[in-house]
Amino acid sequence: MDRFTIAAPNADMEANLKAIDPLLDIVAEIKRLKVEHNAVILAHYYQASEIQDIADFVGDSLDLSRKAASTDADLIVFCGVRFMAEVAKILSPEKTVVLPDMAAGCTLEDSCPPEDFKKFTEAHPDHMVLSYINCSAEIKTLSDIIVTSSNAEHIVASLPADQKLIFAPDRHLGGYLSRKLGRDMLLWQGACIVHEMFSEKELIKLKIEHPDAPIAAHPECPDHIIQHADHVGSTSSILKFVRESEANTLIIATEPGIIHQMEKSSPEKTFIGAPGADGNCSCNTCPFMALNTMEKLYLCLRDQAPEIALDEATRVAAEVPLRKMLALSPGAAPTAPIAKA
Ligand code: 13P
Ligand code: SF4
């Protein structure tokens, strides 16, 4: 059985890609179209290096949602996965939001079907529902507060100690928060297949080869990887750790696209991607993030498609827990305590 499924390539897109003039200067065209359409290009750290380099803003999920909520561009070109572009549309409904490849899904999103999750939340009506931003807009409508890996700890710690909690869909991030904060949570059993691929055995072998190299891990990793980490945090927090570290060599247990920013900010250091079971880390490349290419970015700017469309009732309902997240994130203006609806 496949580890995950990716939608078959869209025939129109295939034809459009084939029709691109091989002599076209794609970089120059992207820059020109960006001005013509008053567009902003937002990219996640897991995108290909050339996409990160042409983006107006590169960030983690929280930074990107803040940018999407505050941009004055007319067109948001989201180089990331679909749930991220959906967040941009939820927070900026008057903008056109496009994603270079609509097949860019996420296994965490897929692991949480809305009908099943609705039954689960209804079976626990006294629980507040916290959902990781890596979920569909429908799951967001069933949630009280959304969190990202960079604000989850802060938000959970701010909730009353006796408030019962459901955490979905990532069992690893939920388990990490639960252990770190000493707080019981009912965990939905979803996972990111990319972060689940790291091999503890291979990581230990690597650590023996590089005893002075600190390990930085994303909390989407299973506990047997987190146990070996010197630093656990979101992509932006891992980048900060790497910048500030005095070590010459660091081991990185997250999607290897992030290493591009590390090489830019700390060119004197060496970064080793944590290995998968076969001893190399190529299996840890996110296949969904990798669907976006410069050619697809050019096409989606040119055609302003494929566009994110959400029905308004879903968008409005999903906006509520997302706005709560923004209000409760570190650095936000103080708000009244959040009570379960
Ligand atoms: P952050 O960038 O928010 O750490 O999340 C990583 C991720 O899950 C992207 O898929
Ligand atoms: Fe989803 Fe994992 Fe890919 Fe992030 S790295 S988009 S959580 S599948």
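Of Ala43, Ala104, Ala157, the residue with the greatest mean-square motion in the GNM of the chain, using alpha carbon springs below 10 Å, is Ala157.
With K and R counted +1 and D and E -1, the other residues having a Cβ less than 13 Å from that of Ile225 yield a net charge of -4. Other residues whose C-beta falls under 12 angstrom from the C-beta of Thr148 contribute a net charge of -4, scoring Lys and Arg +1 and Asp and Glu -1. Counting Lys and Arg as +1 and Asp and Glu as -1 over every other residue whose Cβ lies under 12 Å from the Cβ of Thr235, the net charge comes to -3.
Among Ala103, Ala216, Ala68, the residue with the largest mean-square fluctuation in a Gaussian network model of the chain, with springs joining Cα atoms closer than 10 Å, is Ala103.
Once you charge only the Cβ atoms, +1 for Lys and Arg and -1 for Asp and Glu, what is the size of the charge dipole of the chain about its Cα centre, to the nearest 20 debye? Kindly include the intermediate steps, with their values, before the conclusion.
Values: 31 positive and 49 negative charges, 146 e Å.
Here the size comes out at about 700 debye.
For the chain, a/c is not less than 1.5, where a ≥ b ≥ c are the root eigenvalues of the C-alpha gyration tensor, and a/b does not top b/c. That puts it in the oblate class. Computed over the chain with a Gaussian network model linking Cα atoms closer than 10 Å, the most mobile of Gly257, Gly80, Gly331 is Gly331.
Rule-based calculations on the coordinates, nothing more; no lab input. For clarity, every value in this text was computed on a predicted model and none was experimentally measured. Reconstructed Cβ throughout: ideal geometry from the backbone, glycine too, with neighbour counts over all protein chains shown.
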